[in-house]
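One structure, pasted below without further comment.
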Amino acid sequence: MIMKEKKSEYKKLTKEEEEVIINKGTEPPFTGKYYLFWDKGTYICKRCKTPLYKSSSKFDSGTGWPSFSDEIPGRVNRSMDADGLRTEITCNNCGAHLGHVFTGEGPNKTDRHCVNSISIEFVPDSK
């Protein structure tokens, strides 16, 4: 079970981070820090530091955003987007907007989690 952090413990976000994480915006494709980043480790929520994705599930989808075939179990919520067409993904702990998930568009017909780089941070595996 994930322990919910208090709002006072959330990271203070920049205006650009707030636009995506709070206001559900999207960073431009092919511009994010983690789009073509392949180090081994864990991607965590920028706002509350909850571990969300392992680098082993990351793949190059060619879409312009970091893509993952699977989340760490119990860490990502899925809900219908306001447009009624897409499935939004958010951090299970703090509700931060991460991006969208597309069913069957990942490797071997897995899901494709299309995540904004600005919504996550990377923690390298210890050596």
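The values are calculated or read from the model by the stated rules, or taken from the named source; none is laboratory data. Everything quoted here is computed from the prediction, not taken from an experiment. Counting neighbours? That spans all protein chains shown, and the Cβs are built from the backbone with ideal geometry, glycine included.
Kindly evaluate R78 against the criterion of being modelled with pLDDT of 95 or more, in contact with a strand residue (DSSP E or B) (Cβ under 9 Å, 6 or more places away or on another chain), of a type outside the set (A, V, I, L, M, F, W, C) and assigned to a loop (DSSP other than H, G, I, E, B).
Numbers: modelled with pLDDT of 95 or more: yes; in contact with a strand residue (DSSP E or B) (Cβ under 9 Å, 6 or more places away or on another chain): yes; of a type outside the set (A, V, I, L, M, F, W, C): yes; assigned to a loop (DSSP other than H, G, I, E, B): no.
The answer is no for R78.
Right, here's the next one. Of the residues P107, P124, which single one is in contact with a Gly (Cβ under 8 Å, 6 or more places away or on another chain) and within 19 Å of S57 (Cα to Cα)? Outline the logic, then answer.
Numbers: P107 fails: in contact with a Gly (Cβ under 8 Å, 6 or more places away or on another chain).
Answer to the check: P124.
Can you pull out the residues in the stretch 41-75 that are in contact (Cβ under 8 Å) with a residue 40 or more places away in the chain, part of a loop (DSSP other than H, G, I, E, B) and either small (G, A, S) or more than 10 Å from H113 (Cβ to Cβ) (or both)?
Within the stretch 41-75, K46, R47, C48, K49, T50, S61, T63, S69, G74, R75 qualify.
While we're on this one: Filtering the stretch 99-123 down to residues that are modelled with pLDDT of 95 or more and assigned to a helix (DSSP H, G or I), which residue is surrounded by the most Cβ atoms within 10 Å (Cβ to Cβ)?
Only one residue tops the list, namely S119.
One line per residue, one yes/no per condition, for (1) surrounded by 15 or more Cβ atoms within 10 Å (Cβ to Cβ); (2) in contact with a helix residue (DSSP H, G or I) (Cβ under 9 Å, 6 or more places away or on another chain):
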{"position": "K46", "(1), (2)": "yes, yes"}
{"position": "T50", "(1), (2)": "yes, no"}
{"position": "Y53", "(1), (2)": "yes, no"}
{"position": "S57", "(1), (2)": "yes, no"}
{"position": "T63", "(1), (2)": "no, no"}
{"position": "P66", "(1), (2)": "yes, yes"}
{"position": "G74", "(1), (2)": "no, no"}
{"position": "D83", "(1), (2)": "no, no"}
{"position": "R86", "(1), (2)": "no, no"}
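Can you name every residue in the stretch 8-40 that is outside any loop (DSSP other than H, G, I, E, B), surrounded by fewer than 16 Cβ atoms within 10 Å (Cβ to Cβ) and modelled with pLDDT of 95 or more? Break it down stepwise before answering.
Applying the first criterion (outside any loop (DSSP other than H, G, I, E, B)) to the stretch 8-40 yields 8-9, 15-21.
Imposing the further condition that a residue be surrounded by fewer than 16 Cβ atoms within 10 Å (Cβ to Cβ) reduces the set to 8-9, 15-16, 18.
Across the stretch 8-40, the qualifying residues are K15, E16, E18.
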